[in-house]
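This report refers to the structure that appears directly beneath it.
The values are calculated or read from the model by the stated rules, or taken from the named source; none is laboratory data. Just so we're clear, the structure is a prediction, and the values are computed from it rather than from any experiment. For neighbour counting, all protein chains shown are included, and Cβ atoms are generated from backbone atoms with ideal geometry for every residue, glycine included. These accessible areas exclude ligands, DNA and RNA; they are computed on the full protein's heavy atoms, side chains included. Shrake-Rupley method; radii C 1.70, N 1.55, O 1.52, S 1.80 Å.
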Amino acid sequence: MPRMSAAWFTVVFGLSYIAIFALDLALFLYYPLVRQFSFVPLIDASSGPAMHWYGLMASAGCAGLAASVCLRDRWIPEVLLQWLWIVPVSAMFASAFLLRQFFA
Amino acid sequence: MIVAALIAHGLIAVALLGAITHQALAVLRPEPLSARGTAFISRYVAVDPRVFRNAVIAMYVASFVLGCLLYPAYRLDARIPLEELQLGWAVGLFELKEHFGGIGLSALPLYHYYWSTARAPGSGRIAITLVLSFIIWFDFISGHIVNNIRGV
């Protein structure tokens, strides 16, 4: 099993999550009413509402996993090491901004 | 089944809240305190915060998995009535909860890295612990608020 970088996973997951959420690039959709996963939106109205979040997590997870396999912890500059937590915080702020229509 | 999963989700979340809050307060203490003090706060924060690492990760993952299993029931049985009641803020609150929860899950590897590596700076360790604390408290409270309005 390849050695994986935990720090790079978090950083790339957070950055890609913002882009994937903003551009709605979910890997797949889930239709809870018919209990069906789909790579494309189902046009049949009887399919019920689609859930995007599982697909968003999967998309960002793939990006994070790829980065964690390809990149090494030691490649993170020492000066940046203490600031990596800013990425998940930024992803949280971006998510809140993208959801602002619910609170208008 | 859904009710049992919801109760387990809540119970694990309570234990997780206790662990992350204990760790966060311990890591924030200004200087090492003696566990022999009599004051409750002194004794509460006089623990080694490293011992919480694996418990926090295990409970976060367990709570997250249960939340994922409950999510379809929420989408069908709770969100649709909330939308019909025009409670957009409640729907948004739950949306925030799910996104923060996912971002928190992705922060666990960094949290583990900060708490496992000698090279990791102390300020990063404190920050990621506080970020996870915020997410866990926010998700717990927002989940309760939405469930009190319209439960699954």
Whole-Hz ³J(HN,Hα) from phi, Karplus 6.51 cos²θ - 1.76 cosθ + 1.60, for segment B:47-58, glycine and proline x: 10, 7, x, 5, 5, 7, 3, 5, 5, 4, 5, 4
- prompt: Total accessible area buried between chains A and B, 1.4 Å probe, in Å² to the nearest 100?
  reply: 3000
query: Given the rule -39500 (n - 2.57) for each run of at least 4 DSSP H residues, summed and divided by the residues of chain B, what is its mean residue ellipticity at 222 nm, to the nearest 500 deg cm²/dmol?
result: -26000 deg cm²/dmol
task: Report, by chain and number, residues whose modeled amide H sits under 5 Å from the one on A:LEU99, excluding near sequence neighbours (fewer than 5 apart, same chain).
output: none
query: Quick one: with all protein chains in place, what share of the accessible area of segment B:2-149 is carbon or sulfur, to the nearest percent (1.4 Å probe)?
result: 69
field: Cα gyration tensor shape of the protein assembly as shown, rounded if a/c is under 1.5, else prolate or oblate by comparing a/b with b/c
entry: oblate
message: Tell me the relative contact order for chain A as a rounded percent, counting alpha carbon contacts under 8 Å between residues six or more apart.
response: 40
message: If you count only protein heavy atoms with a 1.4 Å probe, what accessible area per residue comes out for chain A, rounded to a whole Å²?
response: 57
field: Cα-only Debye scattering, chain A: base-10 log of I(q)/I(0) at q = 0.17, 0.19, 0.24 Å⁻¹
entry: -0.85, -0.97, -1.20
- prompt: Listed highest first by mean packing, meaning other Cβ atoms within 10 Å per residue, what order do B:79-88, A:88-97, B:123-132 come in?
  reply: B:123-132, A:88-97, B:79-88
- request: Could you list the trypsin sites (Lys or Arg not before Pro) in segment A:9-93 that lie in coil according to DSSP, counting only those with at most 14 other Cβ atoms within 10 Å of their Cβ?
  value: A:ARG35, A:ARG72
- prompt: Using the Cα gyration tensor of segment B:2-149, with a ≥ b ≥ c the square roots of its eigenvalues, what is the shape: rounded (a/c below 1.5), prolate (a/b larger than b/c) or oblate (neither)?
  reply: prolate
message: I'd like the Karplus ³J(HN,Hα) series for segment A:54-67: coefficients 6.51, -1.76, 1.60, θ = phi - 60°, whole numbers in Hz, and an x wherever there's a Gly or Pro.
response: 4, x, 4, 4, 5, 4, 5, x, 5, 5, x, 5, 4, 5
